[in-house]
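**Q** One structure coming up, written as structure tokens, with questions to follow.
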Amino acid sequence: MNTNKRQEGFSLIELLIVVAIIGIIAAIAIPNLLASKRAANEGSATASLRTLTGAEATYAATAGNGAYADLAGLMGQSLIDSVLGSGAKSGYNYAVATSGTAGDPTDPFGYVSGAAPQNITGVTATGTREFSSDATGVIYAQTATSTTAPSATAGSPIGQ
């Protein structure tokens, strides 16, 4: 009779060590993943504001007779897609505020497009900065204080 029994598999200690190592790796990786997602959301917001600037210029030169449009007007002319036109995209809220009175040279047409994070606090924050732009095409950034898209340009120009 064979008295040596062969035991196969992992011991409880070995399994606990593996679980502890996975936990340590996750504790390091998850905050970096969330920071990368916030950075990607902010990059998407600036790209969307550039899209809105181009769409506003096209609208003013064609359907608007020099005037600008809000998100619904731009979407109605198929200058932006329905996702951006809905006012929410990639963790950011968007809005376009138009100004000016037709035929009044003392009240020129203008617009401000803005983007603000949908959540600005905690680990689930979708961004830390809000962005704004106007007909000049300059995009401004400042620390987000609200989830409502700004209706005036404020902050520092990005890329400088």
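Computed from the coordinates by the stated procedures, all read-outs in this text should not be read as laboratory data. Just so it is clear, the model here is predicted, and its values are computed rather than measured.
**Q** Please determine, in degrees from 0 to 90 and to the nearest 10, the orientation of helix 12-61 with respect to the longest principal axis defined by the Cα atoms of the chain, where the helix direction is its Cα long axis.
**A** Roughly 10 degrees, rounded to the nearest 10.
**Q** I would also like to ask the following. Running a GNM on the chain with Cα contacts under 10 Å, which residue among Ala67, Ala20, Ala35 ends up with the highest mean-square fluctuation?
**A** Ala20
**Q** So, one more: What Kirkwood hydrodynamic radius, in Å, does the range 67-160 give when the mean of 1/r is taken over all pairs of distinct Cα atoms and then inverted?
**A** Hydrodynamic radius (Kirkwood, Cα pairs) of the range 67-160 is 14.0 Å.
**Q** Using a Gaussian network for the chain with springs between C-alpha atoms less than 10 Å apart, which of these wobbles most: Leu74, Leu15, Leu84?
**A** Residue with maximal mean-square fluctuation among Leu74, Leu15, Leu84: Leu15.
**Q** When the Cα centres of the range 1-80 and the range 127-150 are compared, how far apart do they sit, in Å?
**A** 20 Å
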